[in-house]
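The values are calculated or read from the model by the stated rules, or taken from the named source; none is laboratory data. As the structure is a prediction and not an experimental result, all values here were calculated from the model. Here the Cβ positions follow ideal geometry from the backbone for every residue, glycine too, while neighbour counts run over all protein chains shown. Surface areas here come from the heavy atoms of the whole protein model, side chains and all, with no ligands, DNA or RNA. Shrake-Rupley method; radii C 1.70, N 1.55, O 1.52, S 1.80 Å.
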Amino acid sequence: MGFDLLTVTTMETPQSPGHGPAPLTVPPPRAAAPSPSPADPFLAGRTALVTGAASGIGQACAEALAAAGAHVYVVDKAADAAKSLAERIGGTAWVVDLSVPEAVDTLPDDADLVVNNAGLQHVAPVHEFPPDRFALIHRVMVEAPFRILRRTLPGMYERGWGRVVNISSVHGLRASPYKSAYVSAKHALEGLSKVVALEAAPHGVTSNCVNPGYVRTPLVENQIADQARTHGISEEEVVGRVMLERSAIKRLIEPREVAEAVLWLCGPHTGHITGTSLAMDGGWTAH
């Protein structure tokens with residue numbers, strides 16, 4: 001029987017066997033997911049804005065979009081990491097704290113593609129959840145995407161083309177105990193994405209969510225180690241009994257896999273896909 005752990009973490013994004021416990025490990029990054037080098041730079045001349053882009057999923061998205069020809073605004077509050085990535089991919093770093101509305105409103109408004117990825121996590125029962133932490137999570141994960149889209153959609157409408165991809169989560173489709181802020185924020189992001197899809201369709205702009213389970217990011221790997229120490233169990237047990245319990249595919253998702261889904265939604269053959277939620281949860285929501 002599975003369980004949810006009552007510890008404070010930061011960020012996340014799930015997975016379990018159908019026939020009893022099997023040997024579970026945290027496999028190394030897959031060789032089958034190389035860095036993209038599109039023969040056709042189909043995003044040449046486009047500008048992309050990616051939040052939380054200095055590491056993890058955001059970094060993988062920024063790299064994939066840049067490899068496809070886009071100029072990427074690397075948005076993150078981690079200044080050194082954002083600047084280093086921007087220099088490496090030929091983008092522009094924007095060091096912004098997305099929890100400050102006035103700072104969000106200083107971001108550029110000329111992006112053709114927006115990837116709302118930034119997020120954070122806090123785990124506690126509702127009756128013990130700090131209200132200020134709840135509000136912070138919603139500012140970063142709901143209000144900031146709204147403010148960014150409010151500023152960038154007019155330009156997309158004027159140009160007659162645009163792509164909005166919101167990095168949601170399986171928790172935008174399902175709930176888990178102790179994650180009231182994260183789950184409610186992801187559900188709100190799903191709703192915002194669908195409203196944008198309906199409003200933006202006449203202007204050649206699509207809006208979709210990508211819903212991964214647990215992704216192999218530094219934050220998740222730190223969670224694995226912390227949970228193992230706190231509960232006196234192995235890291236393999238943390239992955240198998242908590243993170244991958246409800247997933248049919250028994251491995252963490254690689255950031256590159258999420259980025260490839262984002263890239264596909266921004267591609268030339270997905271103009272009729274809008275208002276959707278693309279589950280990358282290893283079968284979690286099939287239950």
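Laid out as a table, the results:
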| read-out | value |
| --- | --- |
| Considering residues of region 258-268 that are modelled with pLDDT of 95 or more and open to solvent by 40 Å² or more (accessible area, probe 1.4 Å) only, the residue nearest to Gly45 (Cα to Cα) | Trp264 |
| Unique match (being open to solvent by 10 Å² or more (accessible area, probe 1.4 Å), over 22 Å from Gly267 (Cα atoms), assigned to a helix (DSSP H, G or I) and modelled with pLDDT of 95 or more) among Glu102, Glu63 | Glu102 |
| Check on Glu158, among the charged types (D, E, K, R) and under 14 Å from Asn117 (Cα atoms) | no |
| Any hit, region 228-236, residues being part of a loop (DSSP other than H, G, I, E, B) and within 17 Å of the chain's Cα centre (by Cα) | no |
| Residue match in region 83-96 (condition: open to solvent by 60 Å² or more (accessible area, probe 1.4 Å), small (Gly, Ala, Ser) and out of contact with any strand residue (DSSP E or B) (no Cβ under 6 Å at 6 or more places or on another chain)) | yes |
| Pick from region 113-134, criterion in contact with a Leu (Cβ under 7 Å, 6 or more places away or on another chain) and modelled with pLDDT under 95, ranking: farthest from Leu219 (Cα to Cα) | Ala124 |
| Options Gly283, Gly240, Gly232; residue that is of a type outside the set (Val, Ile, Thr) and either open to solvent by 40 Å² or more (accessible area, probe 1.4 Å) or touching a Gly at 6+ places or on another chain (Cβ under 6 Å) (or both) | Gly232 |
| Residue within region 115-136 that is assigned to a helix (DSSP H, G or I), of a type outside the set (A, V, I, L, M, F, W, C) and closer than 30 Å to Pro268 by Cβ present | no |
